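The values are calculated or read from the model by the stated rules, or taken from the named source; none is laboratory data. Quick caveat: nothing in here was measured; it's all calculated off a predicted structure. Don't worry about glycine lacking a Cβ; one is built from the backbone with ideal geometry, like all the others, and counts go over all protein chains shown.
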Amino acid sequence: MAGLPPGQWLGRGLRALGLTEGGQMSERQLELLFGQGRHPDADRIERGLLDDGVDAAMARRLTVLGQPIAEIEARKQTPLLGMDFTFRPQASLVVLWALGGATVRRAIERAHERAVATALRWLEDEVAETRWAPGRGRAKTPALVVAAFRHFENRDGLPLLHEHCLILNRVQRLGADGEPVWGALDTYRLYQNVVAAGTLYTLAMTTEVCETLGLATVPREVTPGLRPVMEIAGVPEDLINWSASRRQRIEDALEVLTDQYVKDHGHLPSGRGRHRLGWWAAQETRPAKKKPKPLAQSLAWWRASAILRFGQQLIDSLLDRCRAAGAAIRARVDPTVDVALAAVDVAAVVFTVREKFSRRHILAEARRHLLETLHGREFTRGLDDYIAHRALLRYSRRHTVTKPGREAPAADRMTYTADFPVPHRWWIAPAQGTPPRESSRYERARVASLAVQNAIRDARIRADTDTATATEATTSAPSAPVDHRDLEGEAASASHVVDHPGRDAALTSAQRAAAVQAHQQAAMPEEYLEGRTTDPATWLRTPKNLDRLAAFTRAADARRRAMEDRKAPAADPASPLDQHHQEHEQQRQQPDPGQGQGLRP
């Protein structure tokens with residue numbers, strides 16, 4: 001009635017209900033299914049049973065899927081009938097969808113539909129399970145029932161393409177007598193794999209849009225020290241911030257909550273604590289939903305608003321700007337993935353961030369690696385699974401210990417760890433007048449990964465060089481026997497697999513290694529190439545950063561001399577920057593072995 005597209009049925013589980021995938025749903029069907037836990041067509045089924053002479057109570061019971069709600073509530077429990085999984089693209093894709101024209105909008109919507117379907121199929125095939133007898137019984141259930149609703153705007157009325165997928169907490173399995181029975185999903189397992197499903201959606205969605213429209217992605221650092229977001233190249237940051245209207249309000253509320261947290265506890269919140277404070281800030285700044293408008297009306301209003309703020313020339317040339325930026329990146333980055341380097345990168349990053357991890361964490365990181373490395377280029381299907389398998393097989397060790405008398409856990413329920421050298425903490429130069437900050441776990445993970453990757457590249461080059469030298473020696477002195485087994489073993493240990501649809505098999509090992517190294521360096525985000533190396537001691541040694549540190553040092557020295565001349569340090573309370581500097585002076589005088597030897601301001 002408001003002009004939004006009607007909800008559709010998705011999932012393989014619809015066949016058990018007699019429904020068709022892609023079919024339109026009614027409000028009454030949703031009320032019966034997600035409100036009462038009954039068949040979507042319970043009214044029709046119940047009338048037929050009553051006409052056949054079945055008792056009214058029995059007729060109603062026969063339309064219930066699984067355990068009736070009344071029995072659950074009688075045990076003082078709250079029935080859970082559905083979970084909302086929401087899929088949405090990056091902010092730059094949303095901007096391009098809203099302002100890029102009808103052709104671009106249709107291409108993005110088609111990619112969005114297929115990406116949602118891909119993520120749901122993966123949940124059905126790899127994740128979905130039913131459990132019964134207080135968790136002792138388990139069975140795979142590759143058939144979910146999903147009600148999907150597409151929305152076009154956020155709570156401020158600005159563009160936000162997203163899909164609400166309401167997953168029914170009821171699935172079929174075969175009972176003891178071989179007849180199908182309805183039971184509950186293992187919802188905890190579904191929530192555990194939310195991130196892996198989201199990265200699969202983002203990878204599939206972004207890749208299809210970039211290949212269809214000739215675009216590419218670039219990393220955008222939203223929060224310093226955290227993982228960058230791969231946005232569409234050519235979309236100005238001002239446009240992205242215009243569409244993400246709630247972000248600034250959430251950040252302002254988060255700053256207030258963080259200050260209060262420090263006053264209450266005497267220290268800054270941890271990563272998990274900051275995440276919870278961010279959720280709290282989002283809830284506090286969450287406005288009430290507005291009445292939705294038809295898409296055509298919203299598109300006209302979005303375009304007029306963007307033109308008034310940024311000018312008509314920018315809005316009209318937005319697609320051309322994105323295609324030009326994408327062409328430049330595609331000319332620089334080939335569709336090549338070094339599987340060996342990808343596996344070690346994925347394992348090193350996950351281990352440094354989490355220490356203990358499962359396959360779902362490795363798989364999500366493999367999908368992020370493909371998106372960051374290929375910048376939107378197409379890749380061979382199943383490559384993310386292969387990278388995850390190789391990372392677990394070669395660079396991880398099993399952490400789960402099976403208890404005596406218990407069945408060994410499934411492969412995707414095991415936990416792992418690794419033995420990568422974790423870099424020491426270091427400090428990042430200040431920006432815009434803020435004090436220096438400590439490196440984040442993600443930044444340390446990137447450094448650990450780059451260090452191991454460089455070691456692998458060095459081993460390859462040495463192996464290829466030693467093999468070539470041995471071959472020349474054999475040719476020049478055939479009477480002197482040379483044992484090639486050690487050199488061949490070293491080359492084999494440094495061998496790699498390159499996934500490239502058009503790779504040339506005639507290249508030598510040294511040529512392949514050089515080509516892959518050049519590609520990986522080209523695919524690295526710019527912030528990892530400009531003044532940042534794998535050595536933490538040189539992380540800050542760029543002219544810009546050194547000038548900033550020198551200015552802070554001069555200011556601190558001047559204040560210290562002034563305080564010494566007055567001989568009254570207590571009368572002039574130190575600024576937060578002075579306190580920060582004094583803390584580091586104390587640490588340098590009394591080094592803490594747990595802090596490492598990273599460069600300090």
Practice task
Quick one: which residue in Ala176, Ala216, Ala148 is touching a Cys at 6+ places or on another chain (Cβ under 7 Å) and more than 28 Å from Ala306 (Cβ to Cβ)?
Solution key: Ala148
Fill in the blank from the handout: Every listed condition ((1) among the charged types (D, E, K, R); (2) part of a helix (DSSP H, G or I); (3) exposed (fewer than 15 other Cβ atoms within 10 Å of the Cβ)) holds for Glu372 save (3)
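To keep it simple, each residue is scored yes or no on (1) among the hydrophobic types (A, V, I, L, M, F, W, C); (2) at pLDDT 90 or above; (3) surrounded by 13 or more Cβ atoms within 10 Å (Cβ to Cβ).
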position	(1), (2), (3)
His265	no, no, no
Leu268	yes, no, no
Thr285	no, no, yes
Lys289	no, no, no
Pro294	no, no, no
Ala306	yes, yes, yes
Leu314	yes, yes, yes
Cys322	yes, yes, yes
Completion exercise
Here the residues within segment 62-86 that are free of Cβ contacts under 8 Å to residues at least 40 places away in the same chain and part of a strand (DSSP E or B) are Val64
Problem - Single condition Leu318 does not satisfy, out of (1) surrounded by 12 or more Cβ atoms within 10 Å (Cβ to Cβ); (2) closer than 24 Å to Ala233 by Cβ; (3) at pLDDT below 90 - result: (3)
Completion exercise
Counting only residues that are charged (D, E, K, R), modelled with pLDDT under 90 and under 23 Å from Asp334 (Cβ atoms), segment 379-404 contains a total of 1
Problem - Complete set of residues in segment 378-429 that are farther than 20 Å from Arg446 by Cβ, assigned to a loop (DSSP other than H, G, I, E, B) and hydroxyl-bearing (Ser, Thr, Tyr) - result: Thr380, Thr400, Thr402
Practice task
Only residues that are free of Cβ contacts under 8 Å to residues at least 60 places away in the same chain and either in contact with a Cys (Cβ under 6 Å, 6 or more places away or on another chain) or not in a helix (DSSP H, G or I) (or both): list them for segment 272-291, please.
Solution key: Thr285
Practice task
Would you check if Asp55 is of a type in the set (D, E, K, R), outside the structural domain of Leu213 (by TED's automatic domain parsing) and modelled with pLDDT under 90?
Solution key: yes
Handout entry: Residues of segment 349-374 satisfying the condition of being over 15 Å from the mean Cα position of the chain (by Cα) and under 16 Å from Pro335 (Cα atoms)
Key = Leu374
Exercise for the section: Being in a helix (DSSP H, G or I) and loosely packed, with under 14 Cβ neighbours inside 10 Å is the filter here, so list the residues in segment 44-60 that pass it. Expected result: Arg44, Arg47, Gly48, Asp51, Ala56, Ala57, Met58
Practice task
Search segment 375-403 for residues being free of Cβ contacts under 8 Å to residues at least 60 places away in the same chain and among the aliphatic types (A, V, I, L, M), and hand back the single one that is surrounded by the most Cβ atoms within 10 Å (Cβ to Cβ).
Solution key: Ala391
